[in-house]
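Undergrad: Handing you a structure now.
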Amino acid sequence: MAKKKSVSIIYKCSNCNCTQPRWLGRCTECGEWNTFEEHIVGNTASALPYGRIPESSERITPVPLASVSPMECDRISAGNKEFDRVLGGGATKRSAILIGGEPGIGKSTLLLQTASSIQTRGKALYISGEETASQIRARADRLKINLENIDILCTLRLDDIVHALNSFNPVCVIIDSIQTVYSAEAGAVPGTVNQLKFCSNELISWVKERDSILFLSAHITKDGMIAGPKSLEHMVDTVISFERNSDDVRFLRAQKNRFGSIDELGIFSMSEKGLLAVEDPSAMFITQREGSLPSGIAIVPVFEGSRVFMVEIQALTVPAKASIARVFSEKIESARVSRIAAVLEKKSGLKLSEYDIYVNVAGGVRLTESAIDLALAAALYSARTDLPCPEATALAGEISLAGEIRPVNRLKQRIKTAQSLGFNSIFAPEKSDDTVFVNDIKSLIKELFAK
């Protein structure tokens, strides 16, 4: 008699949970395409990852919430103040941090520098599935990193990684990258949805039971999103995106953070010594010019976490070559640009619907807050009329569909930063000695371009 298998593979639809014994391109129940995912099922301990005890034999009882000690999260510095700022003050023990970015942006460099800083608190284990040990050693020598307490493991197998974790018990675990890790229990092909979930769950479970920190490097898609299932981002504690502009400046921003704010922005410069924190980024998003300000330029003080940056918005309008005008904007949402242009055309009578609109942000930073509306409207009006904004002028305010200018939060801090950088004229919807009061589009145009 043939021995009955304790483990089998089924394919389940991620949309309706329909199961099939083999993979199908289209679900027979809901009709969706490419939704079947590989799953491993079994009813013995051998079907469980690494021989864990079945859930039926584990007895976990609830405890009163009042009896739980509200211990403050123990944090470890990542060795870079900008990285610590984005993490919320440092990396929290028993946490999993997912970092995504395009190839060559500096993820491996940042993680190697982090391992060098954290290794003073214990052993750091760097696990690479993409590079050889000699390549990583060459990078470490170029960055002049202390290698005293850093171990390297170049493998793709999850079994080897778990064995090394249990043997070394490191305080910092770096996986570069998670898409390369695979386990035979989750299928034969690395990088699949099932592999990512299975391997990530094993690594996160190991870290949660110990005073360690897990860093996961991740690939991204052509749209800039982290490759793989969205559930991977739900499993980790922190999700960080790595961005760049056309220069050697890098931006680090948290998309999710259970131990801190997601509003902070980390700014680095790439050099021969690796990623270095930018010491004074307050005015790095303003173009240094000789002579008068050209048309189509407006300055806005924006908040990124706890800091204020003076950012230059650039606009250009040209007659539309096609029958339909278009908006080209990467760093500011195109829908916001179209909305401000429509309000400006309605309330000022300035024709913009027959023009192609190009909008850019100096320095390559992405702007999302509503306080940029006023500066965006001024830049569009200036570009269309070829009238430059006055020198040393900053604008902050939100514009409604009725053309009214609404106040923004923390205006006093914005004004203080602007004045410290030499901006003596701040347009805002607030009456004070430090501002030029504007309450709608018409008053903005009258006060800003009267001369």
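Undergrad: In degrees from 0 to 90, rounded to the nearest 10, what is the angle of the helix 373-385 Cα long axis to the longest principal axis of the chain?
TA: With both axes taken from Cα atoms, the answer is about 50 degrees.
Undergrad: Let's test the formula: R0 of 30 Å, r as the Cβ-Cβ distance of Arg366 and Asp434. What FRET efficiency results, to the nearest 0.05?
TA: Given R0 = 30 Å and the Cβ-Cβ separation, E is 0.60.
Undergrad: If R₀ is 41 angstrom, what is the calculated FRET efficiency for the pair Lys442 and Ala277, using the beta carbon separation as r and rounding to 0.05?
TA: Taking R0 as 41 Å, the efficiency between Lys442 and Ala277 is 0.40.
Undergrad: Follow-up. Just to confirm the filter: which trypsin sites (Lys or Arg not before Pro) across region 93-145 are DSSP coil and have at most 15 other Cβ within 10 angstrom of their Cβ?
TA: Answer by residue number: Lys144.
Undergrad: Moving to a separate point now. Between Thr221, Thr287, Leu111, whose Cα lies farthest towards the positive end of the dipole of the chain when Lys and Arg beta carbons carry +1 and Asp and Glu beta carbons carry -1, centred on the Cα centre?
TA: So the residue we want is Thr221.
Undergrad: Can you list the residues of region 376-393 with backbone N under 20 Å from a point 7 Å past the Cα of Glu354, pointing along Cα to Cβ?
TA: Residues 380-387 fall inside that zone.
Undergrad: So, in nm, how far is label Lys416 from label Ile10 when the simple model puts each one 7 Å beyond its Cα toward the Cβ?
TA: The two pseudo-label positions are separated by 6.1 nm.
Undergrad: Obtain the nm distance between the two label points defined at Asp386 and Asp263 by a simple spin-label model: each point lies 7 Å from its Cα along the Cα-to-C-beta direction.
TA: 4.2 nm
Undergrad: Can you bin the chain into rounded, prolate or oblate? Criterion: square roots of the alpha carbon gyration tensor eigenvalues sorted a ≥ b ≥ c, rounded for a/c under 1.5, prolate for a/b above b/c, oblate for the rest.
TA: Prolate, because a/c is 1.5 or more and a/b exceeds b/c.
Undergrad: Rounded, prolate or oblate: which fits region 282-372, taking a ≥ b ≥ c as square roots of the Cα gyration tensor eigenvalues, rounded meaning a/c under 1.5, else prolate when a/b beats b/c?
TA: Judged from the Cα gyration tensor, region 282-372 comes out prolate (a/c at least 1.5, a/b above b/c).
Undergrad: Mark the label point 7 Å from the Cα of Ala402 along Cα→Cβ and return the residues of region 427-451 whose backbone N is within less than 16 Å of it.
TA: Output list for this probe position: 439-443.
Undergrad: Under the rule of -39500 (n - 2.57) per DSSP H run of 4 or more residues, summed and divided by the residues of the chain, what mean residue ellipticity at 222 nm is obtained, to the nearest 500 deg cm²/dmol?
TA: Per the formula, -7500 deg cm²/dmol.
Undergrad: Between Glu290 and Leu24, what is 0.36 nm times their sequence separation minus the Cα-Cα distance? Round to one decimal in nm.
TA: That works out to 89.3 nm of additional length.
Undergrad: In nm, what is the difference between 0.36 nm times the number of residues separating Val68 and Ala335 and their Cα-Cα distance?
TA: Going from the current span to full extension adds 91.4 nm.
Undergrad: In region 87-196, what GluC sites (Glu not before Pro) fall in a loop by DSSP, with at most 10 other Cβ atoms inside 10 Å?
TA: Glu148
Undergrad: Let me ask you something else. If you stretched the chain out fully between Trp33 and Glu131, how much longer would it get, using 0.36 nm times the residue separation minus the C-alpha to C-alpha distance?
TA: Extending this stretch completely gives an extra 31.8 nm.
Undergrad: While we're looking at this one, here's another question. Helix 133-143 versus the longest principal axis of the chain: what angle, 0 to 90°, nearest 10, using Cα atoms?
TA: Approximately 40 degrees, to the nearest 10.
Undergrad: Hey, what do the phi angles of region 168-173 turn into as Karplus ³J(HN,Hα) couplings, whole Hz, using 6.51/-1.76/1.60 and θ = phi - 60°, x for Gly and Pro?
TA: With coefficients 6.51, -1.76 and 1.60, one gets 8, 6, x, 8, 9, 10 Hz.
Undergrad: Please say if region 75-277 is rounded, prolate or oblate, where rounded means a/c under 1.5 for a ≥ b ≥ c the square roots of the C-alpha gyration tensor eigenvalues, and otherwise the choice is prolate for a/b larger than b/c and oblate otherwise?
TA: Rounded shape, in that the Cα axes give a/c under 1.5.
Undergrad: Nearest 10 degrees is fine. How inclined is helix 411-420 to the longest principal axis of the chain, computing both from alpha carbons?
TA: Once rounded, the angle reads 70 degrees.
Undergrad: On a 21 Å Cα-Cα criterion, which of the cross-link pairs Lys93/Lys123; Lys81/Lys412; Lys81/Lys273 come out too long?
TA: Listed pairs above 21 Å: Lys81/Lys412.
Undergrad: Taking R0 as 51 Å, what's the FRET efficiency between Ala450 and Ser306 from their Cβ-Cβ distance, rounded to 0.05?
TA: My answer for the efficiency is 0.90.
Throughout, read-outs are computed from the coordinates displayed, never taken from laboratory work. Values in this document were obtained by computation on a predicted structure and should not be read as measured data. Neighbour counts are summed over all protein chains in view; Cβ atoms, including those assigned to glycine, are modelled from backbone coordinates with ideal geometry.
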